[in-house]
Amino acid sequence: MISSGPRRRPRGRRTILALLALATVLLALGCGRRGPPLPPLEGSVPRIADLELRQVGREHRATFSLPRRPDQSEIDYITHAIQLWRRALVVDEEGRVRESPEDIERGGFVDGAELVDEITGEGLFVLLAGPTPEMVAPLPTELPEGGYEYAIVLKTNLRGRGTLSNVERITALAPPPPPIAPRLEMTEGVLLLTWDAPELPMVEPVEEGAEPTPLPVTYAVYRAIDDGPFDPEPVSGAGLPAPPFADSDVAIGRTYRYRVATIADSESGPLSSELTLEVAESFRDVFPPTVPTGLRIIREGDGVAILIWNPNTEPDLAGYGVYRREKGGAWERLDSGIIRAATFRDPSSGGDTVEYAVSAYDGATPPNESERCAPASLASTGP
């Protein structure tokens with residue numbers, strides 16, 4: 001008898017069984033261990049809802065808050081880029097700005113806009129490390145009549161999808177000129193920042209027959225400490241009417257950097273000039289205490305002189321130095337180190353021909369020494 005061999009199953013049935021087996025294996029693997037998260041779908045990334053705009057010089061600056069997960073952990077779902085988009089507002093024949101639909105979506109905005117700033121790669125980490133995220137859009141030479149509207153797109157790496165922020169509008173105006181030649185002066189406990197006022201454009205008066213007046217402006221001072229970023233808000237507060245600015249919130253050994261802007265009023269709010277180049281100063285204590293006063297000499301036995309003077313009142317006072325000389329001779333230092341009490345005993349004064357003087361020291365490193373007080377002698381102050 002001739003064997004016909006093993007019976008073959010139909011190919012279609014075999015394929016179905018193989019697919020079912022593969023699905024069973026994948027299901028089992030999925031139940032045991034979670035794999036890496038898939039990129040989010042469009043709309044799953046929270047949108048920025050607090051985009052704000054301001055003009056600094058010939059730049060529009062956009063500030064915003066990055067969205068967080070419910071547990072306030074760092075944002076970790078923006079894996080591609082943060083983009084700032086801009087489009088010019090359309091003005092009709094009557095000078096009215098054409099309204100955009102309130103429910104505009106990302107594609108509808110981006111299709112008619114230009115990409116003016118983008119942050120990718122390591123720049124995302126720098127942005128996350130800063131206090132307030134900021135993106136910058138330089139203004140063109142020719143400014144549009146109606147201004148601009150801006151929006152931010154948070155993009156994932158899934159086919160370039162992303163979410164659109166709130167859309168904000170801002171006018172584009174010629175800024176006032178910046179302050180001229182900022183400079184720093186270090187005084188005791190204060191850094192004094194001053195500058196020259198810029199030449200301001202003239203404003204036509206409202207009253208007929210009145211003379212034009214310079215554009216009214218104020219100033220804003222921005223500060224950074226050591227290598228840190230500049231504070232987003234002016235350290236001078238709002239509306240500094242004129243220089244100088246005295247910064248008393250300083251500490252010895254820290255470096256302070258400053259930039260200044262001219263601020264003018266506009267229909268859309270305060271309009272800032274370009275910021276000046278920064279000026280910097282490492283704050284140091286180079287100011288000695290006041291000269292001691294009231295030095296008097298009292299004789300105590302043969303050849304012994306007691307020196308007494310009025311104590312200094314500086315909070316950083318470290319002590320005093322005592323000097324002696326023969327009249328007309330060179331001064332010599334008597335104490336071996338800075339003495340703290342406002343008195344000193346000289347056991348070998350040498351008589352009425354000897355003069356004394358006292359200086360004061362502070363606690364700086366190195367210490368600052370005052371001038372010596374007026375000389376006094378036993379003949380002039382003793383009994």
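The values are calculated or read from the model by the stated rules, or taken from the named source; none is laboratory data. What you are looking at is a predicted structure, and each value in this text was computed from that prediction instead of being measured. No Cβ is skipped: glycine too gets one built from the backbone with ideal geometry, and neighbour counts run over all protein chains shown. Accessible surface areas use protein heavy atoms only, side chains included; no ligands, DNA or RNA. Shrake-Rupley method; radii C 1.70, N 1.55, O 1.52, S 1.80 Å.
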Quiz item: Out of curiosity, is residue 229 out of contact with any Phe, Trp or Tyr (no Cβ under 8 Å at 6 or more places or on another chain) and either assigned to a strand (DSSP E or B) or without any contact (Cβ under 8 Å) to a residue 24 or more places away in the chain (or both)?
Solution: no
Quiz item: Tell me, which residue of segment 97-122 that is of a type in the set (Gly, Ala, Ser) and either open to solvent by 80 Å² or more (accessible area, probe 1.4 Å) or over 27 Å from the mean Cα position of the chain (by Cα) (or both) is modelled with the highest pLDDT?
Solution: 113
Quiz item: What about residue 189, is it at pLDDT below 90, over 22 Å from residue 232 (Cα atoms) and under 22 Å from the mean Cα position of the chain (by Cα)?
Solution: yes
Self-check item: Unmet criterion (only one of (1) over 29 Å from residue 245 (Cα atoms); (2) surrounded by 13 or more Cβ atoms within 10 Å (Cβ to Cβ); (3) without any contact (Cβ under 8 Å) to a residue 60 or more places away in the chain; (4) not basic (Lys, Arg)) for residue 309
Solution: (3)
Quiz prompt | Within segment 312-329, tally of residues that are of a type in the set (A, V, I, L, M, F, W, C) and open to solvent by less than 40 Å² (accessible area, probe 1.4 Å) | solution = 2
Practice problem: Could you grab the pairs with beta carbons closer than 7 Å, sequence gap of 6+ or different chains, first residue in segment 56-72 and open to solvent by 60 Å² or more (accessible area, probe 1.4 Å), second one part of a strand (DSSP E or B) and modelled with pLDDT of 90 or more? | Solution: 58/138
Quiz item: With respect to the numbered conditions (1) open to solvent by 30 Å² or more (accessible area, probe 1.4 Å); (2) in a strand (DSSP E or B); (3) over 30 Å from residue 196 (Cα atoms); (4) touching a residue at least 60 places away in the same chain (Cβ under 8 Å), which one is the sole condition not fulfilled by residue 345?
Solution: (4)
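Conditions (1) closer than 16 Å to residue 371 by Cβ; (2) of a type in the set (Val, Ile, Thr), marked per residue:
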residue: 275; (1), (2): no, no
residue: 285; (1), (2): no, no
residue: 293; (1), (2): yes, yes
residue: 300; (1), (2): no, no
residue: 331; (1), (2): yes, no
Quiz item: Residues in segment 284-298: is at least one at positive phi and at pLDDT 95 or above?
Solution: yes
Exercise. Quickly run through segment 252-303 and pick out the residues that are more than 30 Å from residue 198 (Cα to Cα), open to solvent by 30 Å² or more (accessible area, probe 1.4 Å) and not in a loop (DSSP other than H, G, I, E, B).
Key: 293, 294, 296, 298, 299
Self-check item: Single unsatisfied condition, residue 365 versus (1) closer than 23 Å to residue 188 by Cβ; (2) open to solvent by less than 60 Å² (accessible area, probe 1.4 Å); (3) of a type in the set (S, T, N, Q); (4) part of a loop (DSSP other than H, G, I, E, B)
Solution: (2)
